[in-house]
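These notes are about the structure you will find just below.
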Amino acid sequence: MSDTTVTMGGEKRVAFKEKLAEIFIYGKSMVPALLVLLFMLVVLFGAATPYFFTYTNFKAIISNIPIIAIMSVGMAFVILIGGLDISVGSVLGFTAVNVALFHHMGFPAWAIVLVCLGIGAIFGSFNGVIITKVGVNPVITTLGTMALARGMASWFALDIESLKLGRIFDQNFLLIARRYFPQEAQLIPITLIYVIVLYVVMSLVLKYTRYGRSVYAVGSNEYAARLAGIDTSRIKFSAYVMSGIMASLAGMILVAQLSLGRDDAGLGSELEVITAVVLGGVSLGGGKGNLLGVIISVLILGVIRNGMVHLQETIGLSYYWREVVKGAILILAISIDAARLMAVKKRQVVRQ
């Protein structure tokens, strides 16, 4: 073997390593990598379980992802500005209980929707004020809000007699999440349309509006953004308000799907939402990422959740392995993000 051949082989290996670094470390091409991962998971679960490749199962996956997908939009904005909101699951649960409460009080469906969106905005505003005006750390603030919202939800559910079952019977409200297009064939669930419209609109906002550019600027360098004339407090406040509204919207859709408003709704979902956003390429350091990677990550988590259920039925895999896999994916996503940030910093030092 000649020296030229060895050199060419070494160059190919170096080029391959650089390509992997661009995909997994520098984050330049996360979407193709996520699509490959999604394809591999579909093939794996399809080969391992006999009922995965069925129309009914794919319909179930699509029907189950809107909750996490909608909350992930608000979380993406919060993380893009360099924050974190771990109260979204509890805000969802409090919204679910209030849907049942207002239903039993005789509120019409449109009024329930408006009031519950207002509830999400109030929780988001509370987080935003404490973080931007008082200066409390986002994790501590939203941890307190998480306990507050969950405690209030449990209090309502236990002390109000009509909420002990939490059943919803208003068909006008239930159709928020149970309508299909076309209705007779039940082909496309309306919740999927919600998700597509929401992601398209918010992606355009991030890419083409002054507000979207301000979100990236605040997350990249808050001090520089302030010098550039951006009202950083207003941008951060609005991101938390959006996160609260998205959590409440997800809560209403979940109640409409199940016709049940329980205080334990959304329990632990904040970790899945953070996983989806970070795995989708939105940096925990702020200022980097987009919603296309996030929605693919939501699909990945949906496929994993569904596939694990089938494995439980097929080979008796314990339910608790689903939680183990969720935790492992979250650690992996954060590790990739941390490695990406360190690599970028090293590149900047070398260039200087």
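Please treat every number below as a calculation from the coordinates, not as lab data. From a predicted model like this one, the values you see are computed outputs, not experimental measurements. Note: ideal-geometry Cβ built from the backbone for every residue, glycine included; neighbour counts use all protein chains shown.
Brief remarks follow.
- For the stretch 78-101 and the stretch 173-246, distance of Cα centres in Å: 15 Å
- Helical segments meeting 20 Å axial Cα length and Kyte-Doolittle 1.6 threshold in the chain (DSSP H): 30-48, 66-80, 109-129, 190-208
- Protection proxy ranking, peptides 104-110, 176-182, average beta carbon neighbours within 10 Å, highest first: 176-182, 104-110
- FRET efficiency for the ALA147 to PHE181 pair, using the beta carbon distance and R₀ = 41 Å, is estimated at 0.55.
- Adding -39500 (n - 2.57) for every DSSP H run of four residues or longer, then dividing by how many residues the chain holds, sets the calculated 222 nm ellipticity at -25000 deg cm²/dmol.
- Note that the chain carries a Kirkwood radius of 21.6 Å, evaluated over its alpha carbons pair by pair.
- Database remark: amide H of ILE188 closer than 5 angstrom to the amide H of PHE181 (H placed geometrically; neighbours at sequence offset of 5 or more, or on other chains; Pro and chain starts carry no H).
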